[in-house]
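The values are calculated or read from the model by the stated rules, or taken from the named source; none is laboratory data. Keep in mind the model is a prediction, meaning the values are calculated, not measured. All Cβ positions, even for glycine, are placed from backbone atoms using ideal geometry, and neighbour counts span all protein chains on display.
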Amino acid sequence: MWACVLSVAATAAKQGIKVAVSGGNHVVYGMSSTFNDNNLSAFATLMTIPMCLYLISQHKNSKIFVLGLIGAICSSIIFVLGSDSRGGLLGLLVLFGFYFLKSKHKFLLSTIALILGVFALGLLDDEWFDRMQTITEANEDSSFQGRLIAWKLSILLAIQSPIWGAGFDSVAYGPVWQGVMGYWNLVSFIPSPYPTKGHVAHSIYFQVLGDLGFVGFFPLFLA
């Protein structure tokens, strides 16, 4: 657990500090070849926040550890906000909601969240708010529409090859996904543009469904 915190959270903390010091002008990039874009980096950082909270509970007697971990959490939150990741923002809200419901110190948690929120508002520009606003305007967002296309193609590929699937990265490979376009009307109940290029699913469930079929999907779903 310490390895995860020191590798991911420490890297995120460094960029989070840069975001704060630069007044929100620092551009957050992927932190490694594994988490190589802002979305993956934001989600990886979110996963380390509960680890930091757990480690705080295990090292209450060490002020150095506690202060260091609290600093890592705060800078990680700034990193997630500075990443411009809409999924990261939603994940952050879900994480806060979960701990708020479970916490016995709701007032303290709310106060900390309010302070961080006010601080973050001073860092975030209008472009950030415009991008986050597209969460409620999915029908007008080309990025989300591209994901809908990929999800629909994944469903069609799984229907066409339910046992073996269409192979890895099938929705991004033209000769494969173009082969199911004759059945596009089967998923027309979900409004979306007609596909003209390959897309990335951005969902492990739809990715596995299209790549490995229903046989590969159900073990993942049950896990």
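Some values worked out for this structure:
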| read-out | value |
| --- | --- |
| G91, sole failed condition from (1) modelled with pLDDT of 90 or more; (2) surrounded by fewer than 18 Cβ atoms within 10 Å (Cβ to Cβ); (3) under 25 Å from Q15 (Cβ atoms) | (2) |
| Enumeration of residues in the stretch 139-160 that are buried (at least 22 other Cβ atoms within 10 Å of the Cβ) and either modelled with pLDDT under 85 or not hydrophobic (A, V, I, L, M, F, W, C) (or both) | K152, S154 |
| Any chance S83 is under 21 Å from V19 (Cα atoms), in contact (Cβ under 8 Å) with a residue 40 or more places away in the chain and surrounded by 14 or more Cβ atoms within 10 Å (Cβ to Cβ) | yes |
| Any chance G24 is in the same structural domain as R131 (by TED's automatic domain parsing), on the phi > 0 side of the Ramachandran plot and not aliphatic (A, V, I, L, M) | yes |
| Some residue of the stretch 207-223 being of a type in the set (G, A, S), free of Cβ contacts under 8 Å to residues at least 40 places away in the same chain, in the same structural domain as R147 (by TED's automatic domain parsing) and within 22 Å of F144 (Cα to Cα) | no |
| Neighbours by Cβ (under 7 Å, 6+ apart or cross-chain): first from the stretch 1-19, in the same structural domain as L81 (by TED's automatic domain parsing); second part of a loop (DSSP other than H, G, I, E, B) and of a type in the set (A, V, I, L, M) | T11/M31; A12/M31; Q15/V28; V19/V28; V19/L123 |
| Subset of the stretch 9-56 (residues that are of a type in the set (V, I, T), surrounded by 18 or more Cβ atoms within 10 Å (Cβ to Cβ) and within 18 Å of L89 (Cα to Cα)) | V19, V28, T45, T48, I49 |
| Top-ranked residue in the stretch 49-92 [being under 19 Å from the mean Cα position of the chain (by Cα) and β-branched (V, I, T); ranked as farthest from L109 (Cα to Cα)] | V80 |
| Total residues in the stretch 161-197, condition in a helix (DSSP H, G or I) and modelled with pLDDT of 90 or more | 0 |
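Here is a yes/no grid of residues against (1) assigned by TED's automatic domain parsing to the domain that holds R131; (2) among the charged types (D, E, K, R); (3) under 11 Å from L46 (Cα atoms); (4) assigned to a helix (DSSP H, G or I):
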| position | (1), (2), (3), (4) |
| --- | --- |
| F79 | yes, no, yes, yes |
| D84 | yes, yes, no, no |
| G87 | yes, no, yes, yes |
| Y99 | yes, no, no, yes |
| L114 | yes, no, no, yes |
| V118 | yes, no, no, yes |
